[in-house]
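Every number in this text was worked out from the coordinates using simple rules, so none of it is lab data. Just so we're clear, the structure is a prediction, and the values are computed from it rather than from any experiment. Here the Cβ positions follow ideal geometry from the backbone for every residue, glycine too, while neighbour counts run over all protein chains shown.
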Amino acid sequence: MVPEDAAPRPLDRLAVTRLTLSQFRCYESARLHLDARPVVLTGPNGAGKTNLLEAVSFLAPGRGLRRARLSEVERLGAPAGQGWAVAAQVTTPFGEVDIGTGRDAAAGERSERRLVRIDGRPVRGQVALAEHVAVVWLTPQMDRLFSEGASGRRRFLDRLVFGFDPAHAGRLARYELALRERARLLREGSRDDAWLAGLEAEMAATGVAVAAARRELIERLQAAIDQAVGPFPQAEIAVSGTLEDGLGEEPALAVEEGLRRRLAERRRQDGEAGGAGVGPHRSDLLVRHRGKAMPAELCSTGEQKALLVSIVLANARLMTAERGSPPLLLLDEVAAHLDEARRLALFAELLDLGAQAWMTGTDRATFAELDGAATAFRVEDAHVVHT
Amino acid sequence: MNSPEIERLIQLLAKLPGLGPRSARRVALHLMKKRDGLLTPLAEALGAAAEAVRTCSVCGNLDTRDPCHVCTDPRRDQSTLCVVEEVGDLWALERTNSFKGLYHVLGGTLSALEGIGPDDLSIAALVNRARRPEVSEVILALNATVEGQTTAHYVTDRLTECDVTVSRLAHGVPVGGELDYLDEGTLTAALRARRPF
């Protein structure tokens, strides 16, 4: 319910207005009614706050914010044959949409097939979700995003791209399928050149499209970061990879041809090492702290978190300007590592954007400034109570 | 608990594409209610089809004749072969009434992950057909999926030894489509495959 004194936001921003969970993690069933305002979830450790964020993350393509196997998400003791499910009513700039998703338990106890329904109709694959919902998250695990391997940063970047270019998810899936097919052939010792060449042609064509989408976003996102004012540090961002670098120097068709040639030359090596030694699945997102003129990974934990927040906020502003709405933001334990000035600036900016940001914390007092401006829930022992 | 005859009917119906256990029960009930009007004629039709249907030894089509009615039709253009993945694709193209050549059904697509290799598809038979002097063009009408396009690439390579032109269906703007609504991949494909007006 929206209290009358809190001016309700126009319902044309991306927002979940109803969320229903069944057999999901610790929840046998749960239902939340919401409006477009930010969402604050507080409660003790292990109560099930992050599980709610994870449920929202399944409204976008992919494996969710924990990158879990689908069967792991199922509540322990769930009746056999009843897979977990998340259903949501979502308002978007293009109208209301009902989304349902879950594990296809009918296909077997260990089935990892995800079912997706949009407005009640089953759709093939998860990619269609990206056309309706964009979700970006920050979790405590991502505090080490800059110091760990490139795959986490690449996934973070790709998730930002989904918000502007829903087809990016489909192209990535195509690329990865061709990559896996080629790796399987090489591992089996196949020397079927025509078959390999066919897969490499597919990898080159989709790979260049993936790299071009990343480059384009980085350019516009940097412009959005440059315009930001406030206590968050400014980031200098770049994407680095054979294709991304090549696209700055050569036409796309030449880059495509180049990747195809290099893959053909590397068959023996790739067969021994597995995977493929070149391609956009090895690219990296490079981030520097502009004020301190140093790479992000050398900054303090607090500064690294602040850099991530500043990128996420710039992305949300850019999406609002270009697509009419910021993405859904899932900010798990976001207040940790932020000093008070930054915490307050974050809340102010989220309200200004009109973003439905889902925030968790152990202490309600952390979010005192959002009283009346956010929908607040108390989460305790897998029960969600509106407060 | 139903009798074994009815249970078996339900179990078999549940194996049909698009039917699950629940809808299979509904179909079985419907059939049994309309025993004279539907169940018996259907059983007879199934029996007759099981008796008569053959896979065409030339193109892989399903028909009651071998070679099938397409392959034996003297009015069809013997110089053009259209390669499709499945019989359903052949039927879809036939419904357009715009192709007058012959077909070749591959029986699937290459997929290393599903263990389907060139020998599992009728590619060698296609190459043999394409070698024949009267054949001058092979049209690849394969799906725009990763597997379909990989297979197209593979077949093209195998056909270089034959004296034929290899073409493929154009990808691009759908009939009645508006450019504004197309994704970039489709638009790029349409631009590449543009042709004189």
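For the stretch A:1-115, calculate the relative contact order in percent as a whole number, restricting contacts to Cα pairs under 8 Å that are 6 or more residues apart.
Normalised by residue count, the contact order of the stretch A:1-115 is 29 percent.
Among A:GLY81, A:VAL385, A:VAL56, whose Cα sits farthest toward the positive end of the charge dipole of chain A (+1 at Cβ of Lys/Arg, -1 at Cβ of Asp/Glu, about the Cα centre)?
Farthest along the dipole direction, towards plus: A:GLY81.
Using amide H atoms built in the peptide plane, which far-off residues or other-chain residues are under 5 Å from A:PHE24 H to H?
A:ARG75, A:ALA85
Which whole-Hz couplings ³J(HN,Hα) result when phi for each residue of the stretch A:174-185 is put into the Karplus expression 6.51 cos²θ - 1.76 cosθ + 1.60, θ = phi - 60°, listed in order with x for Gly and Pro?
For the stretch A:174-185, the Karplus-derived couplings read 4, 4, 5, 5, 5, 4, 5, 4, 5, 4, 5, 4 Hz, x marking Gly and Pro.
Reachable lysines from A:LYS305, Cα under 21 Å, same-chain residues fewer than 8 places away excluded?
A:LYS49, A:LYS292
Please average, across the residues of B:151-160, the number of beta carbons from any other chain that are within 10 Å of each residue's own beta carbon, and give a whole number.
If you average over the peptide's residues, the count of other-chain Cβ atoms is 4.
For Cα pairs less than 8 Å apart in space and 6+ apart in sequence, what is the mean separation divided by the residue count of chain B, i.e. the relative contact order in percent?
Computed over chain B, the figure is 13 percent.
Report, by chain and number, residues whose modeled amide H sits under 5 Å from the one on A:VAL40, excluding near sequence neighbours (fewer than 5 apart, same chain).
A:MET359, A:THR375, A:ALA376, A:PHE377
Counting every Cα pair in the protein assembly as shown, what percent are over 47 Å apart?
Value for the protein assembly as shown: 26 percent of Cα pairs lie more than 47 Å apart.
Please quote Rg/Rh for the stretch A:59-185 to two decimal places, taking the Kirkwood radius as Rh and restricting both calculations to Cα atoms.
Over the Cα atoms of the stretch A:59-185, Rg/Rh equals 0.98.
Over all distinct Cα pairs, what is the inverse of the mean 1/r for chain B, reported as the Kirkwood hydrodynamic radius in Å?
By the Kirkwood definition, the hydrodynamic radius is 20.0 Å.
Using C-alpha positions alone, give me the convex hull volume of the stretch B:91-136 per residue in cubic angstrom.
Spelled out: Cα convex hull of the stretch B:91-136, divided by residues, is 88 Å³.
What lysines could a cross-link reach from B:LYS33, if we take a straight Cα to Cα line under 25 Å and drop same-chain neighbours fewer than 8 places away?
Of all the lysines, those that pass the test against B:LYS33 - Cα under 25 Å, at least 8 places apart if same chain - are B:LYS15.
Which of the cysteines found in the protein assembly as shown have nothing to pair with, since no other Cys Cβ lies under 4.7 Å from theirs?
A:CYS26, A:CYS299, B:CYS59, B:CYS71, B:CYS82, B:CYS162, each lacking another Cys Cβ under 4.7 Å.
GluC sites (Glu not before Pro), restricted to the stretch A:65-165: which are DSSP loop and have at most 16 other Cβ atoms within 10 Å?
A:GLU109, A:GLU112, A:GLU148
I'd like to know which of B:GLY47, B:LEU9, B:PRO21 lies farthest towards the positive end of the charge dipole of the stretch B:4-52, counting +1 on Cβ of Lys and Arg and -1 on Cβ of Asp and Glu.
Farthest towards the positive pole: B:PRO21.
How long are the semi-axes of the equivalent ellipsoid of the stretch B:145-197, taking √(5λ) for every eigenvalue λ of the Cα gyration tensor, in whole Å from largest down?
Those come to 27, 14, 8 Å.
Go ahead and set up a Gaussian network model of chain B, Cα springs under 10 Å, then flag whichever of B:GLY115, B:GLY60, B:GLY101 fluctuates most.
In this elastic network of chain B, the residue with the biggest mean-square fluctuation among B:GLY115, B:GLY60, B:GLY101 is B:GLY115.
Quickly rank A:179-185, A:290-296 as a protection proxy: mean count of other C-beta atoms within 10 Å, highest first.
A:179-185, A:290-296
Between A:ALA368, A:HIS289, A:ALA173, whose Cα lies farthest towards the positive end of the dipole of chain A when Lys and Arg beta carbons carry +1 and Asp and Glu beta carbons carry -1, centred on the Cα centre?
It is A:ALA173.
For the stretch B:62-168, what relative contact order do you get, as a whole percent, if you take Cα pairs closer than 8 Å and at least 6 residues apart?
With pairs under 8 Å counted, the relative contact order is 28 percent.
Counting Lys and Arg as +1 and Asp and Glu as -1, each charge on the Cβ, what is the dipole of the stretch B:62-168 about the Cα centre in debye, to the nearest 20?
Here the stretch B:62-168 has a charge dipole of around 400 debye.
Under 5 Å between amide hydrogens, which residues at least 5 positions from B:TYR103 or on another chain qualify, with H placed 1.01 Å from N in the peptide plane?
Hits under the 5 Å cutoff: B:CYS82.
How much FRET efficiency would the formula 1/(1 + (r/R0)^6) give for A:ASP371 and A:GLU236, where r is the Cβ-Cβ distance and R0 is 30 Å, rounded to 0.05?
After rounding, the FRET efficiency stands at 0.25.
Could you go through the stretch A:265-271 in sequence order and give the Karplus-derived ³J(HN,Hα) for each residue, using 6.51 cos²θ - 1.76 cosθ + 1.60 with θ = phi - 60°, rounded to whole Hz, and x for Gly and Pro?
For the stretch A:265-271, the Karplus curve yields 6, 9, 4, 5, 4, 5, x Hz.
Each residue of the stretch A:111-119 in order: what ³J(HN,Hα) in whole Hz does its phi give by Karplus 6.51 cos²θ - 1.76 cosθ + 1.60, θ = phi - 60°, with x for Gly and Pro?
4, 10, 7, 9, 8, 9, 10, 10, 6
Assigning unit charges at the beta carbon (Lys, Arg +1; Asp, Glu -1) and nothing else, what dipole magnitude in debye, to the nearest 20, does the protein assembly as shown show about its Cα centre?
Charge dipole of the protein assembly as shown: 860 debye, to the nearest 20.
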